[in-house]
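Let me begin by presenting the structure, written as structure tokens, before commenting on it.
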Amino acid sequence: MSGIFITIEGPDGAGKSTVIKKLAQKISENSSVQVLLTREPGGIDISEAIRDIILSPKNIAMDERTEALLYAAARRQHLVQKVEPALKEGKLVLCDRFVDSSLAYQGAGREIGMEAIWSINQFAIEETMPELTLYLDIDAKIGLERINQGRKFEELDRLDQEGLVFHERVRAAYLELLLKYPERIQKVDASKSIETVIDACYNLIKDKFPNLFN
Ligand code: TYD
């Protein structure tokens, strides 16, 4: 595949969604590469439908392994239907969350174990892994404060409703992954201003893929 696959990761409240949109815009302004911005779980109809099932606060009965399988299923469909075709066309795919989210949230947050989560995800993704992962790091408490701001508990999705201990496990897992894959995963301090975070992400992409830019 001739395109470039980049993922953005981080705990809830790290500001990923805002950063990724502006980052895509900045890349497009400075490069002739076509950028495809997408997200997990979701990105296409089948996976968005699975997303609704996973995140609905109504589904309190959902078993944690069911949750892990649904994330992997949504990932598979999104990958074959959207990401891989775009990579074949030579595009730069910028994806909000990928397999590291499952390792951190289901593996560590839900305490299923990263190895078990890796094995179901390997089935789902086969050989396709991102060349670069930008990890937006934020203290779990600050991240939670950000997502709770101006929102009532009932308005949060099922994962956002989890408590501090869950989110601390998620962040610790991301830091572990960072140590395990130092070539692929790059850390960005997400406690800084949005502009600083976007610039840091942009520079990491530029350093890794200098030929992309004018
Ligand atoms: P996301 O859309 O990034 O959250 P938000 O827009 O609320 O910031 O992701 C939704 C939630 O799903 C988020 O809490 C993280 C969680 N998640 C997992 O637990 N495992 C996964 O594999 C993925 C992709 C997301």
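Largest first, the three principal axis extents of the alpha carbons in the stretch 4-212 are 48, 36, 31 Å in whole numbers.
Computed over the chain, relative contact order equals 33 percent, with contacts defined as Cα pairs under 8 Å that lie 6+ residues apart. For the stretch 26-90, the equivalent ellipsoid derived from the Cα gyration tensor has semi-axes of 30, 13, 8 Å, listed largest first. Near LYS208, which lysines are there with a Cα under 21 Å away, not counting those fewer than 8 places off in the same chain? Filter leaves LYS16, LYS21, LYS22, LYS26, LYS88, LYS91, LYS180, LYS187. Rounded to the nearest 20 debye, the dipole magnitude of the chain is 360 debye, with +1 charges on Lys and Arg beta carbons, -1 on Asp and Glu beta carbons, and the Cα centre as origin. Between the alpha-carbon centres of the stretch 106-153 and the stretch 23-56 there is a gap of 16 Å.
Loop-located GluC sites (Glu not before Pro) in the stretch 151-213 (DSSP state other than H, G, I, E, B) with a sparse environment of at most 13 neighbouring Cβ atoms within 10 Å: GLU183.
The numbers here are math on the coordinates, done by the rules we state, and not lab data. Model, not experiment: these values are computed from the prediction. Reconstructed Cβ throughout: ideal geometry from the backbone, glycine too, with neighbour counts over all protein chains shown.
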